[in-house]
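Chemist: Pasting a structure below so you can have a look.
What follows draws every value from the coordinates through simple rules; no lab data is involved. Keep in mind it's a predicted model, so treat the numbers as computed, not measured. Glycine also receives a Cβ, built like all others from the backbone with ideal geometry; neighbour counts cover every protein chain displayed.
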Amino acid sequence: MFTVELNSKSDVKNLILQNGVQRIVIEGTIGALKHAGFVEDTVLELVGTRGVLRVDLARNDLAKSSHGKEGGAN
């Protein structure tokens, strides 16, 4: 789950919803990063000058995924 809150429609760069296609693309900007952190250790929140991006991502899950990834690509 994720949430994107933008202060203005002009901050949305691209939104593509095609009939019959499963792929959805949302592009925009939250502006310059003001704060990044976890809400109750379960939601990663990135607060920018133009909006907020929240992703359902636990702190523990992020830590697990970063172990052993040094020097290699996903």
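Chemist: Looking at the chain, identify the longest residue range that excludes and avoids all GluC sites (Glu not before Pro) in DSSP loops having at most 14 other Cβ atoms within 10 Å. Intermediate values should be presented prior to the final figure.
Modeler: Numbers: sites that count: 40, 70.
In short, 1-39.
Chemist: Can you give me the long-range amide H partners of residue 48? Hydrogens built in the peptide plane at 1.01 Å from N, cutoff under 5 Å, separation of 5 or more residues or another chain.
Modeler: HN-HN under 5 Å from residue 48: 34, 53.
Chemist: Quick one: longest stretch of the chain between exposed loop trypsin sites (Lys or Arg not before Pro), exposed meaning at most 12 other C-beta atoms within 10 Å and loop per DSSP?
Modeler: Segment 24-68 is the longest.
Chemist: How large is ³J(HN,Hα) for each residue in region 31-48, as worked out from phi by the Karplus curve 6.51 cos²θ - 1.76 cosθ + 1.60 (θ = phi - 60°), to whole Hz, x for Gly and Pro?
Modeler: Result, ordered by residue: x, 5, 5, 9, 7, 9, x, 9, 9, 6, 6, 10, 10, 7, 10, 10, 9, x Hz.
Chemist: Still on this model: Under a point spin-label approximation (7 Å from Cα along Cα-to-Cβ), what is the residue 2-residue 56 distance to one decimal in nm?
Modeler: About 1.4 nm separates the two model spin labels.
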